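Right, one structure below, let's go through it.
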Amino acid sequence: MSESKQNKLVDKNAPVIVGVGDFIDRSKEDGLNLQDLLAKAGASAIDDCGVKDLNKHINYLGVVRFSIDFLTASNQSSFQYSNFPRTLSNKLGISAREEVYAPMGGNSPQVLLDDAVSKISAGEIDCALLAGGEALQTMIARLKLGLSLDWLDEPGGNPEMIGNNAVGFSDHEKLHGMDLPTNVYPLFANSIRKSENKSAKTHLEECSDLFSEFSKVASNNPLSWFPTYRSKKEISEITPTNRMIGFPYNKYLNAVIRVNMSSAFILMSHSKAEELNIEKSKRVYVHSCSILDDIWNVTQRPNFHSSPAIKKCVNQALDKSEINLSDVEYFDLYSCFPSAVQIAKKELGIAEEKKDLTVTGGLPYFGGPGNAYTMFSTTEMVRKLREKPESYGLITANSWFITKHAAVVLSTKPSKSYEKIDNSLVQKDINSKTIKNFTETPIGNGKIDTYTVINSRKGLEFALIIGTLENGSRFIANSEKDEALLKRMVNSEMLDRKVSVSQREGKNIFNLI
């Protein structure tokens, strides 16, 4: 088929990524502020398009929410940008009529993407710049040294706020330590191995083997925060530089958020790409995007080793793209912790032996810049697809505690018109599976369904369990700070172990029977 005939078959408003850019700043207290950091990536994405004065064509500018700009952040007062999309526009010489700011969460880039491509498909805009990143290494270094940030700008106006910006845990969950990813993902890990009838040692070996392959990819990626290969043995062994964080996860199995990294890409309609004579070799089309949540509160899910939402997201994205999973050449499964990857693999039916599941190197090794990680998996996926035309790439995202999900399919192969997926009925069905037997005031005997032991730099702190009482009610509880008990829980099998539970000073406290 001739190129002219092929263009006639492509919907004029089909969304296409035409420019990508990333930037990494390894400085500490003297690093770039947020607007300069994101401007570096934005300028790089604009340059990648190969079009003079492209900034004059951009009529939509979207920014991924920064981790510090959320009510649970301990230093939220340090974030003093009243309209960051306009701040970035001003840095890049852009005058966008649409200024959009996405919600908290690892699927924030997909929420932005879906909004932008929906508006492109509807003909409301024709050229967008999306950007995200973090400067947490510099921010934390400056605050520790007592230095002011002076990171502020009030350019006027208010950005459009999109997406679900709710807190990802209940007050009761927070009271017992279920407000931190480092505390919650280990609960999924032990639930996974229980469902597979595996020992803690075997499960740790599998996690280390999986993430060793991720680190190998990161070691060959010049943009990686830690471009170092780590062997399975190195990841699994507890050492002074690889201490346990939350049993069974050592440090090398945890996402690294304290980075200075930024990423951006340019989206436009197919007709705009034609108008600006964007090289065909640069074009990567957005074939589909699905966004969906699992049951919001972890304690109310039927189990802790599955995700109906990610399964549905990916299947919807594949169906809309008219392909099968076997047609996907490149994967980037969200990899904040091994359990996130393992659950996604199982839900999608990816073979256990398949290890090439990241194009970046993953959040513990490439780096996990807050809500913006999948900005980087998107830009890297674009580069991979440009190298292998007509192939397909699948990106997944995960937010909070395997809570908010997204899936995106990309290809250099031209797409049809973009259809926004209405997931209201699917979401209602997922939510209908919320359990009804959770109690905040458990009393009596029961058993442990899953657990973790939290370890700080000072040593073992407390244990967190989710259990079932003899009457069938589910509960969460903590241990007392008893070092002998905590060591025992790390070194001995605790799944299905019998416990007694009661309240003390407003908290649920358990003891082994």
query = Quick check: is even one residue across region 393-400 buried (at least 23 other Cβ atoms within 10 Å of the Cβ) and under 15 Å from residue 16 (Cα atoms)?
reply = yes
query = Restricting to region 348-377, what's the tally of residues that are in a helix (DSSP H, G or I) and either in contact (Cβ under 8 Å) with a residue 40 or more places away in the chain or touching a Pro at 6+ places or on another chain (Cβ under 8 Å) (or both)?
reply = 8
key: Index of the failed condition, residue 16 passing every other in (1) within 29 Å of residue 121 (Cα to Cα); (2) without any contact (Cβ under 8 Å) to a residue 60 or more places away in the chain   = (2)
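Quick check, is residue 513 within 32 Å of the chain's Cα centre (by Cα) and in contact (Cβ under 8 Å) with a residue 24 or more places away in the chain?
no
Can you tell me how many residues within region 404-461 are of a type in the set (Ser, Thr, Tyr) and in a loop (DSSP other than H, G, I, E, B)? Break it down stepwise before answering.
Our first condition is that a residue be of a type in the set (Ser, Thr, Tyr); within region 404-461, this holds for 411-412, 415, 417-418, 424, 432, 434, 439, 441, 450-452, 456.
Now narrow it down to the ones that are in a loop (DSSP other than H, G, I, E, B): 412, 415, 417-418, 432, 434, 439, 441.
Number of matching residues: 8.
Inspect region 470-484 for any residue being small (Gly, Ala, Ser) and buried (at least 20 other Cβ atoms within 10 Å of the Cβ) and give the result as yes or no.
First, the residues of region 470-484 that are small (Gly, Ala, Ser): 472-473, 477, 479, 484.
When the remaining residues are screened for being buried (at least 20 other Cβ atoms within 10 Å of the Cβ), the result is 477, 479.
Yes, region 470-484 has at least one match.
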request  = Report the residue count in region 115-150 for those that are surrounded by fewer than 24 Cβ atoms within 10 Å (Cβ to Cβ), part of a helix (DSSP H, G or I) and not basic (Lys, Arg).
outcome  = 8
Flag if residue 206 is buried (at least 20 other Cβ atoms within 10 Å of the Cβ) and either hydrophobic (A, V, I, L, M, F, W, C) or under 23 Å from the mean Cα position of the chain (by Cα) (or both) = no
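Among the strands (runs of 3 or more DSSP E) confined wholly to region 1-112, which include 3 or more residues that are buried (at least 21 other Cβ atoms within 10 Å of the Cβ) and in contact with a Leu (Cβ under 8 Å, 6 or more places away or on another chain)?
On the way: elements: 15-24, 60-63, 98-101.
Ranges flagged: 15-24, 60-63.
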message = Residue pairs, Cβ under 6 Å, 6 or more apart or interchain, first in region 33-52 and in contact (Cβ under 8 Å) with a residue 12 or more places away in the chain, second buried (at least 21 other Cβ atoms within 10 Å of the Cβ) and of a type in the set (D, E, K, R). List them.
response = 41/22
ask   = Tally time: how many residues in region 468-497 are of a type in the set (S, T, N, Q) and in contact with a helix residue (DSSP H, G or I) (Cβ under 7 Å, 6 or more places away or on another chain)?
value = 1
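Quick note: the coordinates plus some simple rules give every number you see, no bench work behind them. None of these values were measured; they are calculated from a predicted model. For neighbour counting, all protein chains shown are included, and Cβ atoms are generated from backbone atoms with ideal geometry for every residue, glycine included.
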